[in-house]
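Comments concern the structure below.
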């Protein structure tokens, strides 16, 4: 189970009151890692209204003012096939999707 | 008794203001979509309860919302605005080619006859249409594909298609305006387009016959006389009597001919309203006096309308989509300001009162006359 924490605007949009839990199997020794792209794919599949709000629908690029953090790491600039930290993949820590502070 | 529903888009959400035909007491509902920019929301002329709203932020991009109950509840619909084919380039501010990139929807124009058909004007300038209630959007690429498209340049606010006017008489005729490309007309329901900017004089464009490059701010039409168009350009108020083939200036005695909105009285095709703004350097009213100007002669002769409007220390702006009229027997006129006021006049502009004082900056005002 993967946990994702969304910013307030996206929780409202998706009708969510807390973290999103996504049923993605944690990586085993012989299984592929859980990646950032897999989590975003699952998030958008479960909540289609979020398509385009975190990453561009056409290009897949992260929107400029959205950031990804997990386990004190900034994953914002990592490619989609980046394996998530083990603590995120096992559900003990959430993936944080953050609306960047901007605008002064 | 008939009433009115005023749809207000702001920097931080949408509001729906309702009143009976007296237009004295108002109910305020909202904010809908709190915290989001609502560039525009508008109701279908064919179904008063069908509304469309453009919702966006710089953080999370563009959404389109639809209401089927007059704005009481909303559902997100399609938001994929993909340019047709390989988008190509337009000119950037420095004259270099710049790829067409979708930024946001500025304006939504529902069909006059079909509630499920709606047009969207977007930045970077293009026209899209949905025929399934906003679920899917298809570009009408004949506009952006016009020979001049690669020469279009953005204005200071971006290269936006902000005005869509549908002709209720001539089947298939529609108009669009783009900052800072100019006005365009289609006679085949948006398949092909041509610039209609003859007669526009724009400081900084040395060629008086320039086909494009004009910063048109808004176009208005009276539905009973669709060959007559009124235009508020960056500078100059203009009129065309031949559906945009030729334009002539009708700024007349306005204290400034810079401004954004322009509207036509619901029952008097020669009665026109503008809100003069000092200049493009000072986006506030001349002398700090908020005055709507009315012409009853189709332009040239203008009178200030001041009763109930602040006549000192007023430094708000009124944006291009932020003025509209109702269709009650005594035509009501409405406008919103960047200071968050929405003013209404129930007597054609003779007197005004604020419906609300303290909304977020108002981006758009559209009015529905309801049974």
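The values are calculated or read from the model by the stated rules, or taken from the named source; none is laboratory data. These numbers were taken from a predicted model, which means no experiment stands behind them. Using ideal geometry, Cβ is built from the backbone for each residue, glycine included, and neighbour counts are taken over all protein chains shown.
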Scan the stretch B:171-191 residue by residue and report those that are free of Cβ contacts under 8 Å to residues at least 60 places away in the same chain and out of contact with any strand residue (DSSP E or B) (no Cβ under 6 Å at 6 or more places or on another chain). B:171, B:172, B:181, B:187, B:188, B:189, B:191
Tally time: how many residues in the stretch A:77-104 are within 17 Å of residue A:6 (Cβ to Cβ) and assigned to a helix (DSSP H, G or I)? 1
With the condition kept exactly as written, say whether any residue in the stretch B:149-157 is under 14 Å from the mean Cα position of the chain (by Cα) and surrounded by 21 or more Cβ atoms within 10 Å (Cβ to Cβ). no
Over the stretch B:31-54, the set of residues assigned to a strand (DSSP E or B), free of Cβ contacts under 8 Å to residues at least 24 places away in the same chain and either facing chain A (nearest Cβ under 9 Å) or closer than 15 Å to residue B:80 by Cβ (or both) is none
Given the criteria closer than 30 Å to residue B:283 by Cα and buried (at least 24 other Cβ atoms within 10 Å of the Cβ), does residue B:232 qualify? yes
Per the filter on the stretch A:34-60, residues in contact with a strand residue (DSSP E or B) (Cβ under 6 Å, 6 or more places away or on another chain), more than 13 Å from every other protein chain (Cβ to nearest Cβ) and surrounded by fewer than 19 Cβ atoms within 10 Å (Cβ to Cβ) are A:42
Which condition number does residue B:72 fail, the rest of (1) within 12 Å of another protein chain (Cβ to nearest Cβ); (2) closer than 21 Å to residue B:116 by Cβ; (3) more than 22 Å from the chain's Cα centre (by Cα) being met? (1)
With a cut-off of at least 2 residues that are over 24 Å from residue B:187 (Cα atoms), name the strands (runs of 3 or more DSSP E) lying wholly within the stretch B:80-176. B:89-91, B:97-99
Looking at (1) in a strand (DSSP E or B); (2) farther than 24 Å from residue B:107 by Cα, which is the only condition residue B:185 fails? (2)
Return the residues of the stretch B:58-101 that are under 21 Å from residue A:99 (Cα atoms) and at pLDDT below 95; say none if nothing qualifies. B:58, B:59
Can residue B:293 be described as touching a strand residue (DSSP E or B) at 6+ places or on another chain (Cβ under 6 Å) and either part of a loop (DSSP other than H, G, I, E, B) or at pLDDT 95 or above (or both)? yes
Every listed condition ((1) touching a strand residue (DSSP E or B) at 6+ places or on another chain (Cβ under 8 Å); (2) in contact (Cβ under 8 Å) with a residue 12 or more places away in the chain) holds for residue B:22 save (1)
Flag if residue B:63 is more than 10 Å from chain A (Cβ to nearest Cβ), within 20 Å of the chain's Cα centre (by Cα), crowded, with 18+ Cβ neighbours inside 10 Å and assigned to a strand (DSSP E or B): no
